[in-house]
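The structure that follows is given in the form of structure tokens.
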Amino acid sequence: MSAVDKSPGQVFPAKCNHCSKPMSAPLVCDYCHALNPSAEVVDYFTLLSLPRIYEIDPRLLRDRYLALSRHAHPDFHGDDTPEVQQLHLRVSANLNDAYRTLSDPADRAAYLLNLLGGKTSARDKSVPNGFLGTMMMMQEELADARENDDKGELERIRNVLTCQHDGLLNRVASLFAEYSQAVACEAVRNDFLDEIRKQLNAVSYVKKLLSLL
């Protein structure tokens, strides 16, 4: 069967398997609303018919998710064959995972980094220069504030960490934007991906401290 490439590295059928009408999106046929089984193997961005970029519109993400969920939810297919019901269960679960991942900025960044060939946190645990020293100081301040039950200090630390968290994610967004402009040089692209990994490792560290507040 012929196929159409709608997203880098992702291919899905040009025609619906059920009605043979053209497919404009990987999951649901525009005409007969049947699910396309091969959509189970596309990435989350492609699944939701979104561009594979970091900056996405959260309202568009939610609208796409809700619209597709209405077609995929297994509760609406109780009279279908067991095979079709199982397909809807799998696709619905995949949609939920996709929405949860892409809704969270840090998770979305990590997922996109993986799609672009960047290193995982298990492979690269590095963080930006000077970050660990700052975090060690924050940990000490947090421990003292908790020991003394200093609510004012705890709130100050929360605000500082929140600003740190948001600043790191803003840097991630900038790096993805710069990466998209560096397509001509693989070495430069890899440098951007490595730096994004460092920033995301730092985000995870800050989130752990915030969870203690």
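The values are calculated or read from the model by the stated rules, or taken from the named source; none is laboratory data. Model, not experiment: these values are computed from the prediction. As a convention, Cβ positions derive from the backbone with ideal geometry for all residues, glycine included, and neighbour counts pool all protein chains shown.
Among the residues of segment 114-131, which ones are more than 14 Å from the chain's Cα centre (by Cα) and of a type in the set (A, V, I, L, M)?
Ala122, Val127, listed by residue number.
Does Leu212 fit the bill of being among the hydrophobic types (A, V, I, L, M, F, W, C), within 23 Å of Leu47 (Cβ to Cβ) and either in contact (Cβ under 8 Å) with a residue 60 or more places away in the chain or surrounded by 14 or more Cβ atoms within 10 Å (Cβ to Cβ) (or both)?
No, not satisfied.
Does Val188 qualify as being under 20 Å from Tyr54 (Cβ atoms), among the β-branched types (Val, Ile, Thr) and under 20 Å from the mean Cα position of the chain (by Cα)? I'd like the intermediate steps shown before the answer.
Numbers: under 20 Å from Tyr54 (Cβ atoms): yes; among the β-branched types (Val, Ile, Thr): yes; under 20 Å from the mean Cα position of the chain (by Cα): no.
In short, no.
Still on this structure, please answer the following. Which residues, taken from segment 177-209, are assigned to a loop (DSSP other than H, G, I, E, B) and loosely packed, with under 13 Cβ neighbours inside 10 Å?
Narrowing segment 177-209 to residues assigned to a loop (DSSP other than H, G, I, E, B): 181-185.
Of everything in segment 177-209, those that are assigned to a loop (DSSP other than H, G, I, E, B) and loosely packed, with under 13 Cβ neighbours inside 10 Å turn out to be Gln181, Val183, Ala184, Cys185.
Ok, one more. Can you confirm whether Leu95 is assigned to a helix (DSSP H, G or I) and either touching a Pro at 6+ places or on another chain (Cβ under 6 Å) or at pLDDT 95 or above (or both)?
Values: assigned to a helix (DSSP H, G or I): yes; either touching a Pro at 6+ places or on another chain (Cβ under 6 Å) or at pLDDT 95 or above (or both): no.
No; evaluated as a whole, the condition is false for this residue.
Right, another one. Output the residues belonging to segment 1-57 that are modelled with pLDDT of 70 or more, within 24 Å of the chain's Cα centre (by Cα), outside any loop (DSSP other than H, G, I, E, B) and surrounded by 14 or more Cβ atoms within 10 Å (Cβ to Cβ).
Val28, Leu35, Pro37, Tyr44, Phe45, Thr46, Leu47
Right, something else. Being modelled with pLDDT under 95 and either of a type in the set (A, V, I, L, M) or over 30 Å from Ala34 (Cβ atoms) (or both) narrows it down to one residue among Leu87, Leu112, Leu168; which is it? Spell out how you get there, then give the answer.
Details: Leu112 fails: modelled with pLDDT under 95; Leu168 fails: modelled with pLDDT under 95.
The unique qualifying residue is Leu87.
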